[in-house]
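Note sheet for the following structure.
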Amino acid sequence: MIKIKDIFQSVCTLIADETDITIEDSDLDEPVVRPSFRITMDTVKTGFYSSALRSVKVYFNIYFYASDREHPKSEIFDIENVLSFLFLEPLEIKDGCCVLIDNVDFEKVDNGILNCGFDFEIGTEFIDESDLETMEELITNVTMSDIEIGNFNANVEEDEDD
């Protein structure tokens, strides 16, 4: 079963493995150490694919803070190039589950900050039905005369002594 935290961790691990740049905690309000990344993920929506699968759509913002906030152009172009090629390959989330990221948006923000944004949707198993026995036979207490006159209630059994 894939959890929301697994999705976030997979993106952070991918970026950490491919760059030697620190990933800072996005929950901190402290000044950013440069160069570094801050990564945020929002769960946009969840729903059902089937009785055993739920869909999860997430949106990522990856902020890169260049070393030199006054002259960041070259460094930002390098990181934009790295990130754009990084997400051309399928992103492995967990246990062989992969997603394709096809719309990666980049925006250069003031003060030497690059914002990289993308979203994707994934189907995750949330009920493990692998060890459940299948029902082979269903026995009911409804007779044909009950069906003909509509005189039955599937939720209530009456005693024969009444």
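Write down the accessible area per residue of segment 4-132 in Å², having rolled a 1.4 Å probe over the full set of protein chains. Walk me through the numbers on the way to the answer.
Values: 7800 Å² over 129 residues.
Result: 60 Å² of accessible area for each residue.
Here segment 58-126 is treated with +1 on each Lys and Arg Cβ and -1 on each Asp and Glu Cβ, and its dipole about the Cα centre works out to around 160 debye.
Accessible area of segment 34-96 with a 1.4 Å probe: how many percent of it is carbon plus sulfur?
Working: 1850 of 3660 Å².
Accessible surface attributable to carbon and sulfur in segment 34-96 totals 50 percent.
Packing, taken as the mean count of other beta carbons within 10 Å per residue, orders the peptides 39-46, 86-93 from highest to lowest as 86-93, 39-46.
Taking segment 1-96, how much of its Cα-Cα pair set, in percent, is spaced more than 22 angstrom apart?
On the way: 1697 of 4560 pairs.
Value for segment 1-96 (Cα pairs over 22 Å): 37 percent.
Note on K5: accessible area is roughly 150 Å² with a 1.4 Å probe, heavy atoms of protein only.
Where does each of R69, R34 land when they are ordered by accessible area, with a 1.4 Å probe and the largest first? Present the calculation step by step, with values, prior to reporting the outcome.
Details: R69 120, R34 55 Å².
Greatest to least solvent exposure: R69, R34.
The values are calculated or read from the model by the stated rules, or taken from the named source; none is laboratory data. Worth saying up front: this structure is predicted, and the values here are computed from it rather than measured. All Cβ positions, glycine included, derive from the backbone under ideal geometry; neighbour counts span all protein chains shown. Note: accessible area is taken over every heavy atom of the protein model, side chains too, but ligands, DNA and RNA are not part of it. Shrake-Rupley method; radii C 1.70, N 1.55, O 1.52, S 1.80 Å.
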